[in-house]
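Below you'll find the structure, written out as structure tokens, and then a few comments.
The values are calculated or read from the model by the stated rules, or taken from the named source; none is laboratory data. Remember, it's a predicted structure, so these values are computed and weren't measured experimentally. Cβ atoms come from the backbone with ideal geometry, glycine included; neighbour counts cover every protein chain shown. To get the accessible areas, we keep the full protein, side chains included, count just its heavy atoms, and leave off ligands, DNA and RNA. Shrake-Rupley method; radii C 1.70, N 1.55, O 1.52, S 1.80 Å.
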Amino acid sequence: MKIEDNKLNSEYFITNSGEKSLAKIIKGILPVKADHLDFLVGYFYFSGIEEIYKHISDKKMRILVGLEMEKELLNKTSEIDFLHKKQKSSRLEIRNEFNYSLVELFNKTDFFEEKKATEAFKIYYEKIKNGTLEIRKTKEPCHAKMYIFSYKDEFSEEGETPGTVITGSSNLTYKGLRGQNEINVRFQHKTEFHDAQNIFNTLWQSAIVIADKDHINDFEDGVIKHIWYEKLPSPYLLYLRVLYEYFKIDTSRRIRTPHDINKKFFNLKYQEDAIRMAISIIEKHNGVIISDVVGLGKSIIGSTVANNLNLRTIIISPPRI
């Protein structure tokens, strides 16, 4: 059931409706009042860091993940899903899975092609190196969400308001902070704040280290060495990348092949590639020319393209065809 945004507005609850998003509330707290952040979330995707990165560069930050990282934009059939299903036998295996998921996000999506995302990653990486960002994974699955903001002394009112706690349904992701309807509530009483801190610290002490200053070599070996971040590729690799971008074939969509239409034809990879390319070109330019040497199936390819697009066609050809 879809609820209209104006009906989700609330004086007390943070619903991500209209202008009252969790991202906006967090950005209002971070720049001036808070100097220490403790986030407990079920899901942590880099899109959540990207949403607030400009406000965390000078903050001490701990992120405790209860379930998983970086599957928001990844192909569900990727190796990371296989790794996730395996029974983890060591802390190193769990750390490697998190590192691998970030490598996948860099190398198999266009997420980091935006300047904002690369700026956010630079801060993320620098904070791990300088010790102001630590990430851990709870030993047992945990779906809780709790954002704890510890205030600087000048804003704590002599300890009467030591900070703010926000809890509810939002994960540390773009969707959780802004992109979809959520329900969160904010607490500022010192008793509630200290209770939240105790819960977080108890889970933190027994959690598995994913990334911190003491394990920066693991992060660099597992992530930085395998991504293009701050690397200058050779001219040859740049040339290959241009060829790939220009000629790459989208294999994600389902199409009918010549064999699907008529069983007397074989499934030939080069014909399927040509069909996919032709359909893509037609969608961009409203026409395509299929050209190849004799005997490779230009008529078959053209007919299959027309079949996939459900076109009424006029075929002009020699009588034998």
Worksheet entry | Sequence of Ile275, Ile300 when ordered by accessible area, the most exposed leading, probe 1.4 angstrom | Ile300, Ile275
Item to complete: Hey, could you get me the Stokes-Einstein D for region 188-258, Kirkwood radius over alpha-carbon pairs, 4 °C and 1.567 mPa s, rounded to whole µm² s⁻¹?
Response: 72 µm²/s
Worksheet entry | Largest to smallest accessible area among Trp228, Trp204 [probe 1.4 Å] | Trp228, Trp204
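According to the Cα gyration tensor, what semi-axes, each the square root of 5 times an eigenvalue, does the equivalent ellipsoid of region 219-321 have, listed from largest to smallest in whole Å?
Numbers: eigenvalues 278, 47, 36 Å².
Three semi-axes, in Å: 37, 15, 13.
Could you compute the net charge surrounding Ser156? Neighbours are other residues with a C-beta less than 15 Å from the C-beta of Ser156; K and R count +1, D and E count -1. Intermediate values should be presented prior to the final figure.
Values: positive: Lys33, Lys152, Lys190; negative: Asp35, Asp153, Glu154, Glu157, Glu158, Glu160, Glu192.
Summing Lys/Arg as +1 and Asp/Glu as -1 gives -4.
Loop only per DSSP, at most 14 neighbouring Cβ atoms within 10 Å: give me the trypsin sites (Lys or Arg not before Pro) in region 259-321, ordered by residue number. All intermediate terms of the calculation are to be shown ahead of the outcome.
Details: sites: Lys263, Lys264, Lys269, Arg276, Lys284, Lys298, Arg312, Arg320; in loops: Lys263, Lys264, Arg312, Arg320.
Those that pass, being in a loop and sparsely packed, are Lys263, Lys264, Arg312, Arg320.
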Worksheet item: Considering amide H positions built from the backbone, and no H for Pro or chain starts, which residues 5 or more places from Met61, or on another chain, come under 5 Å of its amide H?
Response: Leu37, Leu133, Glu134
Worksheet entry | Of Asp195, Asp38, Asp260, the one that fluctuates the most in a GNM where the chain has Cα springs shorter than 10 Å | Asp260
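Region 130-265: percent of C-alpha pairs farther apart than 24 Å? It would help to have the intermediate numbers written out before the result.
On the way: 5687 of 9180 pairs.
Result for the distance tail: 62 percent.
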Discussion item. Give me the percent of accessible area attributable to carbon and sulfur for region 210-259, probe 1.4 angstrom.
Written reply: 59 percent
Fill in: Per residue solvent-accessible surface (Å²) - the chain, probe of 1.4 Å
60 Å²
Worksheet item: Cα-Cα over 30 Å: which of Lys139/Lys175; Lys152/Lys213; Lys54/Lys225; Lys145/Lys225?
Response: Lys145/Lys225
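Could you work out the local net charge near Ser170, counting Lys and Arg as +1, Asp and Glu as -1, over the other residues with Cβ closer than 10 Å to its Cβ? Write down the numbers at each step before the final one.
Numbers: positive: Lys145, Lys175, Arg178; negative: Glu182.
Overall, the nearby charge balance is +2.
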Worksheet item: Short version: ³J(HN,Hα) in whole Hz for each residue of region 112-125, in order, from phi by Karplus 6.51 cos²θ - 1.76 cosθ + 1.60 (θ = phi - 60°), x for Gly and Pro, what are they?
Response: 8, 7, 7, 4, 4, 5, 5, 5, 5, 5, 4, 5, 4, 5
Discussion item. What does DSSP give for the chain in terms of the percent of beta bridges that are antiparallel, rounded to the nearest 5?
Written reply: 60 percent
Worksheet, complete the sentence: With all protein chains present and a 1.4 Å probe, the order of His285, His215 from largest accessible area down is His285, His215
Worksheet, complete the sentence: Checking rank on 241-250, 41-50, 302-311, with mean other Cβ inside 10 Å and highest first, the result is 41-50, 302-311, 241-250
Discussion item. Can you bin every Cα-Cα distance in the chain into 20 Å intervals starting at zero and give me the percent of pairs per bin, rounded to whole numbers?
Written reply: 25, 43, 25, 7, 0
Fill in: Highest to lowest packing among 288-295, 196-203, scored as the average C-beta count within 10 Å
196-203, 288-295
Discussion item. Which residue fluctuates most in the GNM of the chain (Cα springs below 10 Å): Ile25, Ile255, Ile183?
Written reply: Ile255
Practice prompt. Provide the net charge surrounding Asn184, with neighbours chosen by a C-beta distance below 13 Å and charges set as Lys +1, Arg +1, Asp -1, Glu -1.
Written response: +4
Practice prompt. Consider just the alpha-carbon atoms of region 198-239 and return their Rg together with their Dmax, both in angstrom.
Written response: 17.2, 55
